[in-house]
Amino acid sequence: MPPKVLATGFSLYDAVDAYDNNGWWVGTISGKRGSDHYYIFFNTCGVEILYPLSRLRPHL
């Protein structure tokens, strides 16, 4: 189990881990919607998905 890391916000192109399908996936911040939702681009599969801040953490 990875340590809990609380994030308060991200900047464009920050590397992040997004929690989805029972796992953490590495992506890049590609945009923002509102104050607490971010678009994450996953280079490995070429898709962009919107996530709430609560499902993101900085990529270490």
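The values are calculated or read from the model by the stated rules, or taken from the named source; none is laboratory data. On a predicted model such as this, the values are computed, not experimentally measured, just so you know. Cβ sites come from the backbone with ideal geometry, for glycine too, and all protein chains shown count toward neighbours.
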Per the filter on region 29-39, residues under 16 Å from Thr8 (Cα atoms) and either of a type in the set (Val, Ile, Thr) or in a strand (DSSP E or B) (or both) are Ile29, Gly31, Lys32, Arg33, His37, Tyr38, Tyr39
Exception for Tyr13 within (1) more than 8 Å from the chain's Cα centre (by Cα); (2) in a strand (DSSP E or B); (3) at pLDDT 95 or above falls at (2)
Expected output for region 33-60 (first residue among the basic types (Lys, Arg) and at pLDDT 95 or above, partner surrounded by 12 or more Cβ atoms within 10 Å (Cβ to Cβ) and in a loop (DSSP other than H, G, I, E, B), Cβ below 6 Å, 6+ apart or cross-chain) is none
